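Chemist: Just passing along the structure, written as structure tokens.
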Amino acid sequence: MAKKNEVTRRQFLNYTLTGVGGFMAAGMLMPMVRFAIDPVLKEGTEQEMVPVMDVSEITKEPQRKKFKVDQVDGWYESEVEQSAWVYKDEKDEIVALSPVCKHLGCTVDWSSNAAYPDQFYCPCHGGRYTKDGVNVPGTPPLAPLDVYKMKVEKGKLYLGKPEPR
Amino acid sequence: MHRGKGMKFVGDSRVPAQKKPNIPKDYSEYPGKTEAFWPNFLLKEWMVGAVFLIGYLLLTIAHPSPLERVADPTDATYTPLPDWYFLFLYQLLKYKYAAGDYTLIGTMIIPGIAFGSLLLAPWLDPGPERRPSKRPIAVGMMLLAVISTIFLTWESVVTHDWEKQAKQGEIVEANVDKDAEGYQIYSGQSCIGCHGDSLQGATGPSLLETEKSAEEIMGIAKNGIPPAMPANAFEGSDEELQKLAQFIVETAEANK
Amino acid sequence: MLQRIYDWVDERLDITPLWRDIADHEVPEHVNPAHHFSAFVYCFGGLTFFIVVIQILSGMFLTMYYVPDIVNAWESVYYLQNEVAFGVIVRGMHHWGASLVIVMMFLHTLRVFFQGAYKKPRELNWVVGVLIFFVMLGLGFTGYLLPWDMKALFATKVGLQIAVTIPVIGEMAKTLLAGGEIIGAQTLARFFAIHVFFLPGALLALMGAHFIMIRKQGISGPL
């Protein structure tokens, strides 16, 4: 009865059924999925600049400075401690490096390993960075240390968020 | 289909080697007044579902679900209200023979009988007759139950003060400096009990909307406002009273 | 391609009869509103099931943000409703769905009752249905506490006070439900567990039984 390429009654009902079913599934799931993936689509929050130390205290030798920042984590607000390696480079410019190793996130230390003086050394997997924060080729890290956003105001150093180079 | 002896299986499993062809039953196999579940019946069911879903989503957009302020177990002035489908029970417990000495009747016996007979309906109404007109007792009881449930819910809705209900649960986003010296005095004295922890008011009125001057507030704190606010509610030094009044005026100013 | 994957699985597990059986079973025409409009009364059961599916899905998504703890519960609900995209809709679906499911179930129960559809041989299915009704009321009651707002706390206090009136075991029943002497952190944790694991588990088992029985006995004939 049905000729070739002709939609049978059953096929037609099947298509309509899948269409209606798809509409219901989409109507139901669309808000929920958007709700679930919201963290990915949320814009990053700006972090306030906080005073860390007097500019006059900054030396050529990197110093580890701890400072507190207000962190908003969803509905939970807290104060967390962050730290930075602060020093003045050859051109007398202030550098503030994040101590978080770019390999797997351990904390790097300044010339803590006797074999590599004047380098940042990561104790976890032996990652190394030169004084300007650039990773030494052949060691685990694949990128230089993050640099803090900073500004100097009234003789004080203010740090913001660490940013990758 | 081949059954029993001589049947072939896939490997050493119990899955028959002979496949049932994946062909739907012919429509001629639905004789008389029947139809296939998929796709005929389900299509109509899902169309109803789709229309319902649209209405449902519109409802959620038009009426955001309510959220009252965070639970405060110390707030003794709050009048609780259950969700609407428990209102009939709530209303029932207001009546004389379902409360007080008779509480058990209201909380256990009446609901117990109602829900118990609902559960056991097939045995309470065992006759073979299905038409409502042929089983007047069962249908009558059910109608009675439905009508009284609707009546009780209705009664509780119309006798309830919805404005007060909405107000007492409102989220107050008051800008109150809780570290201020004035607030320490406010919470140390009895003020906080009636005027709330953010001056938002509870049994007493909200202080956030006050237009009174510091002097007037000092007077009220000492002499009260009959009958609700007692005289001599404030028990502290004059200096503290001054600070308290100043704090209330400043807070009211900040929340304008 | 899809056809070949299907055939590969079918050869090993013989899945065709499983779903063909469901797809091809006969449904009487008298329940189809397209034939007689008055048959819309038969839709309430299906709609109840549909809302249950929405409740389970939206509930699963809500727990991505919600924390059952008296310090953070309200904050997390406030956050997910006001800060997260579509939070109003997802929480709205769960909130209004809870009411709608009661309405639909009520109408479904009335339909079955007035048509006398619970008569022999369908007595057991009626009993299972009433049990589902109880589980739903339990879900409503336990879910009400979870946002930890004023309404939640005080409505639960009253609800548990009703439990106290049970003779002899009243106090014990209350303590068991509250998880302690006061309604607080332990109550919230307990209600969360009951609302999210125990009652839905019971609900799924009962609904499975409900559907198997319908399939076995068929839909009751027209009056």
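The values are calculated or read from the model by the stated rules, or taken from the named source; none is laboratory data. Just so it is clear, the structure is predicted and the values come from calculations on it, not from any experiment. Backbone-built Cβ (ideal geometry, glycine too); neighbour counts: all protein chains shown. Accessible surface areas use protein heavy atoms only, side chains included; no ligands, DNA or RNA. Shrake-Rupley method; radii C 1.70, N 1.55, O 1.52, S 1.80 Å.
Chemist: Return the aspartates and glutamates within reach of residue B:243: Cα separation strictly under 12 angstrom, same-chain partners fewer than 8 residues apart disregarded; answer none if there are no such residues.
Modeler: Cross-link targets: B:181, B:215.
Chemist: How much of the pair distance distribution for the protein assembly as shown lies past 38 Å, counting alpha-carbon pairs only, in percent?
Modeler: Numbers: 119037 of 207046 pairs.
Counting pairs separated by more than 38 Å, the tail of P(r) holds 57 percent.
Chemist: For region B:159-201, what is the charge dipole size about the Cα centre, in debye to the nearest 20, if Lys and Arg each add +1 at the Cβ and Asp and Glu each add -1 at the Cβ? Walk me through the numbers on the way to the answer.
Modeler: Working: 3 positive and 8 negative charges, 32 e Å.
Result for region B:159-201 is approximately 160 debye, rounded to the nearest 20.
Chemist: Further question: Along the Cα→Cβ direction, 7 angstrom out, place labels at residue A:77 and residue B:145. What is the inter-label distance in nm?
Modeler: Roughly 5.3 nm, to one decimal.
Chemist: Sticking with this one: What do you reckon, how do B:63, C:36, C:25 stack up by accessible area (1.4 Å probe), largest on top? Let's see the in-between values first.
Modeler: Working: B:63 100, C:36 80, C:25 35 Å².
Descending order: B:63, C:36, C:25.
Chemist: Taking a ≥ b ≥ c as the square roots of the Cα gyration tensor eigenvalues, with a/c under 1.5 meaning rounded and otherwise prolate when a/b beats b/c, else oblate, which class fits region A:50-163?
Modeler: Details: a/c = 2.19, a/b = 1.23, b/c = 1.77.
Verdict is oblate for region A:50-163.
Chemist: Classify region C:1-84 as rounded, prolate or oblate, taking a ≥ b ≥ c as the square roots of the eigenvalues of its Cα gyration tensor: rounded when a/c is under 1.5, otherwise prolate if a/b is larger than b/c and oblate if not. It would help to have the intermediate numbers written out before the result.
Modeler: On the way: a/c = 3.90, a/b = 1.48, b/c = 2.63.
Here region C:1-84 falls in the oblate category.
Chemist: Sequence neighbours fewer than 8 away in the same chain don't count; with that in mind, list the aspartates and glutamates whose C-alpha is under 19 Å from residue C:120.
Modeler: B:125, B:129
Chemist: On to the next question. Spin-label point model (7 Å from Cα, Cβ direction): what's the residue B:184 to residue A:106 distance in nm?
Modeler: The modelled label-to-label distance comes out at 4.9 nm.
Chemist: Rounded to a whole number, what % of the accessible area of region A:50-163 do carbon and sulfur atoms account for, probe 1.4 Å?
Modeler: Details: 3050 of 6330 Å².
On region A:50-163, the fraction of accessible area on carbon and sulfur atoms equals 48 percent.
Chemist: Largest first, what is the accessible-area ranking of C:120, B:222, A:154, A:60 with a 1.4 Å probe?
Modeler: Values: C:120 175, B:222 80, A:154 205, A:60 105 Å².
Highest to lowest solvent-accessible surface, that is A:154, C:120, A:60, B:222.
Chemist: Please give the per residue accessible area of region B:181-254, computed with a probe of 1.4 Å over protein heavy atoms only, in Å². Don't skip to the answer; put the middle values down first.
Modeler: Numbers: 4110 Å² over 74 residues.
About 56 Å² of surface per residue is accessible.
Chemist: Can you pull the mean other chain C-beta count within 10 Å for peptide C:129-137?
Modeler: Rounded to a whole number, the mean comes out at 2.
Chemist: Here is a follow-up. Using only Cα atoms, tell me the angle between helix B:110-119 and the longest principal axis of chain B; keep it within 0 to 90° and round to the nearest 10.
Modeler: Approximately 20 degrees, to the nearest 10.
Chemist: While we're looking at this one, here's another question. Take the Cα pairs of region A:1-42, get the Kirkwood Rh, then feed it into Stokes-Einstein at 10 °C and 1.306 mPa s and tell me D in µm²/s. Could the numbers behind the result be given before it?
Modeler: On the way: Rh = 12.9 Å.
Roughly 123 µm²/s, to the nearest whole number.
Chemist: What residues does region A:20-42 have that are buried by at least 50 Å² of accessible area in the full protein assembly compared to the chain on its own, 1.4 angstrom probe?
Modeler: Going by heavy-atom accessible area, the residues of region A:20-42 that drop by at least 50 Å² are A:20, A:23, A:24, A:28, A:31, A:32, A:35, A:42.
Chemist: Compute the angle between helix A:9-36 and the longest alpha-carbon principal axis of chain A, please, reported from 0 to 90 degrees and rounded to the nearest 10.
Modeler: With rounding to tens, the tilt is 20 degrees.
Chemist: Say the dipole of region A:50-163 comes from +1 at the beta carbon of Lys and Arg and -1 at that of Asp and Glu; which of A:125, A:96, A:52 then lies farthest toward its positive end?
Modeler: A:125
Chemist: Need one number: buried accessible surface between chains C and A, 1.4 Å probe, both sides summed, DNA, RNA and ligands left out, in Å² to 100.
Modeler: Working: alone 14790 and 11820 Å², together 24870 Å².
Looking at C and A, the buried total is near 1700 Å².
Chemist: Chain pair C, B: how much accessible area is buried, both chains summed, with a 1.4 Å probe, in Å² to 100? Before the final figure, lay out the partial values.
Modeler: On the way: alone 14790 and 20100 Å², together 27540 Å².
Between C and B, the summed buried area is about 7300 Å².
Chemist: Another one. Need one value for B:118-125: mean number of C-beta atoms belonging to other chains within 10 Å of its residues' C-beta atoms. Please list the in-between numbers first.
Modeler: Working: counts 8, 7, 4, 10, 10, 3, 0, 4.
Neighbouring Cβ atoms belonging to other protein chains average 6 per residue here.
Chemist: Counting only helical runs of four or more DSSP H residues, what would the 222 nm mean residue ellipticity of the protein assembly as shown come to if each run contributes -39,500 (n - 2.57) and the total is spread over all its residues?
Modeler: Numbers: 22 runs with 298 residues, N = 644.
After summing the helix terms and dividing by residue count, I get -15000 deg cm²/dmol.
Chemist: Now for a different question. Per the 1.4 Å probe, what fraction of the accessible area of chain C, in percent, lies on carbon and sulfur atoms? Could the numbers behind the result be given before it?
Modeler: Numbers: 7450 of 10420 Å².
On chain C, the fraction of accessible area on carbon and sulfur atoms equals 71 percent.
Chemist: How big is the dipole moment of the protein assembly as shown about its Cα centre under a simple scheme where the beta carbon of each Lys and Arg is +1, that of each Asp and Glu is -1, and everything else is neutral? Debye, nearest 20, please.
Modeler: Numbers: 59 positive and 69 negative charges, 914 e Å.
Its charge dipole is roughly 4380 debye.
Chemist: Now for a separate question. Which one of A:12, A:31, A:41 has its Cα pushed farthest toward the positive end of the charge dipole of region A:1-42, where Lys and Arg give +1 and Asp and Glu give -1 at the Cβ?
Modeler: Positive-end residue among those listed: A:12.
Chemist: Tell me the per residue accessible area of chain C using a 1.4 Å probe; a whole number in Å² is fine. Numbers along the way, then the final one.
Modeler: Details: 10420 Å² over 223 residues.
Heavy-atom accessible area per residue stands at 47 Å².
Chemist: What order do you get for A:33-43, C:90-100, A:92-102 when each peptide is scored by the mean count of other beta carbon atoms within 10 Å, highest first? Mind showing how you got there, number by number?
Modeler: On the way: A:33-43: 12.7, C:90-100: 22.5, A:92-102: 18.3.
Highest mean packing first, the order is C:90-100, A:92-102, A:33-43.
Chemist: Ok, one more. Using +1 at the Cβ of each Lys and Arg and -1 at the Cβ of each Asp and Glu in chain B, identify which of B:127, B:152, B:55 lies farthest towards the dipole's positive end.
Modeler: About the Cα centre, the residue reaching furthest to the positive side is B:127.
Chemist: I've got another one for you. So if a site counts as exposed when it's one of the GluC sites (Glu not before Pro), its DSSP state isn't H, G, I, E or B, and it has at most 14 other Cβ atoms within 10 Å, what's the longest stretch of chain C without one? List each step's numbers first, then the result.
Modeler: Details: sites that count: C:83, C:181.
Longest stretch, sites excluded: C:84-180.
Chemist: Obtain the nm distance between the two label points defined at residue B:99 and residue A:45 by a simple spin-label model: each point lies 7 Å from its Cα along the Cα-to-C-beta direction.
Modeler: It is 4.7 nm.
Chemist: Given a Förster distance of 56 angstrom, what is the FRET efficiency for residue C:120 paired with residue B:223, based on the Cβ-Cβ distance and rounded to 0.05?
Modeler: Details: r = 78 Å, r/R0 = 1.39.
The computed FRET efficiency comes out at 0.10.
Chemist: If you roll a 1.4 Å probe over the heavy atoms of the protein chains, what accessible area per residue do you get for region B:46-85, in Å²? Before the final figure, lay out the partial values.
Modeler: Values: 1960 Å² over 40 residues.
Result: 49 Å² per residue.
Chemist: Now for a separate question. Does region B:181-254 come out rounded, prolate or oblate, given a ≥ b ≥ c as the square roots of the eigenvalues of its C-alpha gyration tensor, rounded meaning a/c under 1.5 and, failing that, prolate meaning a/b above b/c? Intermediate results must be reported in sequence, preceding the final value.
Modeler: Numbers: a/c = 1.21, a/b = 1.02, b/c = 1.20.
Rounded, because the longest to shortest axis ratio a/c is under 1.5.
Chemist: Right, something else. Normalised by the residues of chain B, what does the relative contact order come to in percent, with Cα pairs under 8 Å and at least six apart?
Modeler: This gives 13 percent for chain B.
Chemist: If the only charges are +1 at each Lys and Arg Cβ and -1 at each Asp and Glu Cβ, what is the size of the charge dipole of chain A around the Cα centre, to the nearest 20 debye? If you can, show how the numbers build up before the last one.
Modeler: Working: 22 positive and 23 negative charges, 228 e Å.
The dipole magnitude comes to about 1100 debye.
Chemist: Looking at the P(r) of chain B, how many percent of alpha-carbon pairs lie beyond 26 Å? Mind showing how you got there, number by number?
Modeler: Numbers: 22959 of 32640 pairs.
So the portion of pairs separated by more than 26 Å is 70 percent.
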